[in-house]
Amino acid sequence: MRRLAAVLAGLLLLAGCGTPFTATTGGAESAPPLPGTFNDTDVMFLQMMVPSHEQGVEMARLAAQRATDADVRDLAAAVELTQQDEIADMAGRLRAWNQPVAADPNPRAHTGHGGMHATDPAFIETLRRIPAGPEFDRNFLNLLTGHQHGAVELARMETGRGEDTGARDLAERIVASRTAQIKQMARLLAR
Amino acid sequence: MSLKRRLAVLGAAVGLAPLLVVVLPAATAGAHGYISSPPSRQAQCAQGTVSCGDIKYEPQSVEAPKGSRLCSGGNPRFTELDDNNHGWHVNAVGSTVTFTWTFTARHATTNYEYYIGNTRVAEFAGNGQQPPPTLSHTVDLSGYSGQQKLLAVWNIADTANAFYTCVDLQIGGGSPSEPPPNNPPPTNPPAGGTWAAGTAYQAGNTVTYGSTTYRCLQNHTALPGWEPSSTPALWQAL
């Protein structure tokens, strides 16, 4: 029966991300949570964050090669590498919980949550078409700033309502590092 | 709740979910944005120029029903933006100013309006389209001088809401407020020192963090949340 509940909760996540309902996948309501249990917020956080991170990696990889400002290139390369590690970490957690890594590959599937967590793929394509120069650097910094605001918003949902300690720790590091990146990018934009 | 009852609730929830997917996008605006340059009040919160509450994590979220002339739009979560004495940095500008928006997601737009007091000083049509990745508007403020509070409103086409963002300006010379003291540029590391956020590390530099020594693998400026123990892509434990 537990498995059926998990399947139903999984369907909920697929269909509408599940927030309006407390479909607990990891623990019984009557007992306190066991160590290592997780809830639907943990799953939703990870499932939404993986594709968001993949977009961030795509933007950062482009900028690590094309940005004119060496500091922008270094930041982009560090973002690319750290987010790749985080994707592996997040996918590993989902697999350990027998949850699908991708709830829905279409970023628009989550518009019910405000759609703020994914960047429109068309804008990454626009960035790709801008040749190297100040215009590229400015667009990249502005686009990644917006993208990381979305990541902070999603991670704060997890720090507020998530249950799994590992996922919450990751979310806290995401809030801290992205907030600091946003400050750094503001300084780079002001040059 | 019995297991049977619980499954019944879950089943009902699954039945409802497809409807929610259709209904929710109309109910919540899927767009967020603010003016990042010159730094608006919420941009200064996000950039750490001034200390703020939750707005520092989500400068893009100042959303409220259309028609307000408040910096918060009347959104009760962000009323600190309405406080003119919060220590906002005043941006020194000429008589024409280019405002740049940062978006986290983009929604069909009715228009962008710029106000000083109750006077609309500029309007830019949105034509029901999504804004581009980087959007800038150049506004003629030659009719104004001295310190002014400019309010920009982004009116969304398919919801009742708008996004609000105020920029403090010192128009046409004069002395603006002191520049922001925060956001120091990165410093260079002492050899073999303790890891510290804000330091620009080069590949090959070594640091200690906790009781472990690490070697930097990729040039970067150290950030909170990028501690060597949790970023194997940036730091190799020795």
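The values are calculated or read from the model by the stated rules, or taken from the named source; none is laboratory data. The model shown is predicted, which means the values in this text are computed figures rather than measured ones. Backbone-built Cβ (ideal geometry, glycine too); neighbour counts: all protein chains shown.
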**Study point:** Qualifying position, being at pLDDT 95 or above and within 10 Å of chain B (Cβ to nearest Cβ), among A:Ala171, A:Ala132, A:Ala167, A:Ala155
**Key:** A:Ala155
Exercise for review: Name the residue, out of B:Thr96, B:Thr110, that is more than 23 Å from A:His147 (Cβ to Cβ), surrounded by fewer than 16 Cβ atoms within 10 Å (Cβ to Cβ) and not aliphatic (A, V, I, L, M).
Suggested key: B:Thr96
Check your understanding: For the range A:178-191, which residues satisfy the criterion of being under 14 Å from B:Gly48 (Cβ atoms) and either more than 7 Å from chain B (Cβ to nearest Cβ) or among the hydroxyl-bearing types (Ser, Thr, Tyr) (or both)?
Key -> A:Arg178, A:Thr179, A:Met185, A:Ala190
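Table: residues versus (1) within 14 Å of another protein chain (Cβ to nearest Cβ); (2) crowded, with 23+ Cβ neighbours inside 10 Å; (3) aliphatic (A, V, I, L, M).
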| position | (1), (2), (3) |
| --- | --- |
| A:Met48 | yes, yes, yes |
| A:Leu62 | yes, no, yes |
| A:Arg66 | no, no, no |
| A:Asp69 | yes, no, no |
| A:Asp74 | yes, no, no |
| A:Ala78 | yes, yes, yes |
| A:Thr82 | yes, yes, no |
| A:Leu94 | no, no, yes |
**Study point:** Residue tally, condition closer than 24 Å to B:Ala222 by Cβ and in contact with a Pro (Cβ under 7 Å, 6 or more places away or on another chain), over the range A:42-99
**Key:** 2
**Study point:** Matching option when the condition is at pLDDT 95 or above and among the β-branched types (Val, Ile, Thr), among B:Val22, B:Val62
**Key:** B:Val62
Check your understanding: Applying the selection to the range A:67-86, what residues are small (Gly, Ala, Ser) and touching a residue at least 40 places away in the same chain (Cβ under 8 Å)?
Key -> A:Ala67, A:Ala76
Study note, to complete from the structure: If we ask which residues in the range A:140-191 are among the hydroxyl-bearing types (Ser, Thr, Tyr) and either in contact with a Lys or Arg (Cβ under 6 Å, 6 or more places away or on another chain) or surrounded by fewer than 20 Cβ atoms within 10 Å (Cβ to Cβ) (or both), their number turns out to be 2
Point to revise | Complete set of residues in the range B:206-238 that are in a loop (DSSP other than H, G, I, E, B) and more than 13 Å from every other protein chain (Cβ to nearest Cβ) | key: B:Gly210, B:Ser211, B:Leu238
Check your understanding: Could you say whether any residue in the range B:160-167 is within 22 Å of the chain's Cα centre (by Cα), β-branched (Val, Ile, Thr) and modelled with pLDDT of 95 or more?
Key -> yes
Revision key, fill the gap. Taking the range B:126-146 and the residues there that are of a type in the set (S, T, N, Q) and crowded, with 16+ Cβ neighbours inside 10 Å, the one that is nearest to the chain's Cα centre (by Cα) would be B:Thr134
Practice item. Considering only residues that are over 13 Å from the mean Cα position of the chain (by Cα) and without any contact (Cβ under 8 Å) to a residue 60 or more places away in the chain, look in the range A:132-158 and name the one that is farthest from A:His53 (Cα to Cα). Key: A:Glu135
Review point. What are the residues in the range B:32-63 that are of a type in the set (Gly, Ala, Ser) and either touching a Gly at 6+ places or on another chain (Cβ under 7 Å) or not in a helix (DSSP H, G or I) (or both), if any?
Key: B:Gly33, B:Ser36, B:Ser37, B:Ser40, B:Gly48, B:Ser51, B:Gly53
Study note, to complete from the structure: Note on B:Thr102: of the conditions (1) within 14 Å of chain A (Cβ to nearest Cβ); (2) modelled with pLDDT of 95 or more, unmet is (2)
Point to revise | Test: residue in the range B:56-67 that is in contact (Cβ under 8 Å) with a residue 12 or more places away in the chain, out of contact with any Asp or Glu (no Cβ under 6 Å at 6 or more places or on another chain), of a type in the set (Asp, Glu) and within 14 Å of chain A (Cβ to nearest Cβ) | key: yes
Practice item. Give the residues of the range A:46-66 that are among the aliphatic types (A, V, I, L, M) and in contact (Cβ under 8 Å) with a residue 24 or more places away in the chain, sorted by residue number. Key: A:Leu46, A:Met48, A:Met49, A:Val50, A:Val57, A:Met59, A:Ala60, A:Leu62, A:Ala63
